[in-house]
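The values are calculated or read from the model by the stated rules, or taken from the named source; none is laboratory data. Just so you know, these numbers come straight off a predicted model, no measurement behind them. Here Cβ is always computed from backbone atoms with ideal geometry, including for glycine, and neighbour counts include all displayed protein chains.
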Amino acid sequence: MDKEKIRENIENIKKEVGNNATLVAVTKTVDVDTVKFLKELGLNDFGENRIEVAEEKIKKIEANWHMIGHLQSNKVKKAVKLFHVIQSVDSVSLAEEIDKEARKQNKIMKIFVQVNIANESQKFGFEEKDVKDAIQIISKLDNVKIEGFMMIAPHIEAERTRVYFKDMRKLYNRYKKEYELTRLSMGMSNDYKVAISEGSNMVRIGTKLYE
């Protein structure tokens, strides 16, 4: 771990992100000590893709932990127990499973609805045309609270992602008031500057912190 490099990267990214967006540090490739150092530097939101990798870190470090990877239904029980928010709710059946488990654990689980805005076959998430029906059903569940939307842009040159971020922002604005949404999670290491310029208020950055 190059502490000085990480410190410098975070300072630069914080300036670019500003006060308008929350920085979620993606920690799936780093160890407990690195996460502790990130916390020392003032970060308190961390994102993990896989429960098996995340569990040790979550048990040792108190912070806001975000599940940002695809969640299989057989891992829901652990995810509800460990995470503060599940950003990757990509089906109604998964939301219902989370609701059922959250009820058992006497918890209101914060979730984001994941949208596959570019309709990429290899990505998870609701297509835009299915969001209306999905959010209506999910919003009626007692033990989940929809905080907002999450998306992953196509892995292309940053400037070319702008159109997808614009579309996602429009979708968010369409449902924001009715469902009291507060979070639009979009933008990663390669495209977060474009995402922020298009209205993202939460970015998920990993590689850029450590390189």
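May I ask you to list the residues in region 49-60 that are touching a strand residue (DSSP E or B) at 6+ places or on another chain (Cβ under 8 Å) and farther than 19 Å from Leu94 by Cα? Ala54, Lys57, Ile58 - these are the residues of region 49-60 that are touching a strand residue (DSSP E or B) at 6+ places or on another chain (Cβ under 8 Å) and farther than 19 Å from Leu94 by Cα. Note on region 35-57: among residues that are farther than 19 Å from Lys193 by Cα and either basic (Lys, Arg) or in contact (Cβ under 8 Å) with a residue 60 or more places away in the chain (or both), the one that is surrounded by the most Cβ atoms within 10 Å (Cβ to Cβ) is Leu38.
Summed over region 144-167, residues that are at pLDDT 95 or above, among the aliphatic types (A, V, I, L, M) and in contact with an Asp or Glu (Cβ under 8 Å, 6 or more places away or on another chain) total 1.
Yes/no matrix, rows are residues, columns are (1) surrounded by 11 or more Cβ atoms within 10 Å (Cβ to Cβ); (2) part of a loop (DSSP other than H, G, I, E, B); (3) in contact with a Phe, Trp or Tyr (Cβ under 6 Å, 6 or more places away or on another chain):
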residue: Lys5; (1), (2), (3): yes, no, no
residue: Glu8; (1), (2), (3): yes, no, no
residue: Lys15; (1), (2), (3): no, no, no
residue: Val30; (1), (2), (3): yes, yes, no
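Scanning region 6-33 for residues that are in contact (Cβ under 8 Å) with a residue 40 or more places away in the chain and out of contact with any strand residue (DSSP E or B) (no Cβ under 7 Å at 6 or more places or on another chain), we see that the one that is farthest from Asp191 (Cα to Cα) is Val30. Among the residues making up region 42-74, a single one is closer than 23 Å to Lys3 by Cα, of a type in the set (Asp, Glu) and in a helix (DSSP H, G or I): Glu56. Taking region 107-127 as the range and being under 23 Å from Tyr179 (Cα atoms), over 17 Å from the mean Cα position of the chain (by Cα) and not aliphatic (A, V, I, L, M) as the test, the residues that pass are Lys107, Glu127.
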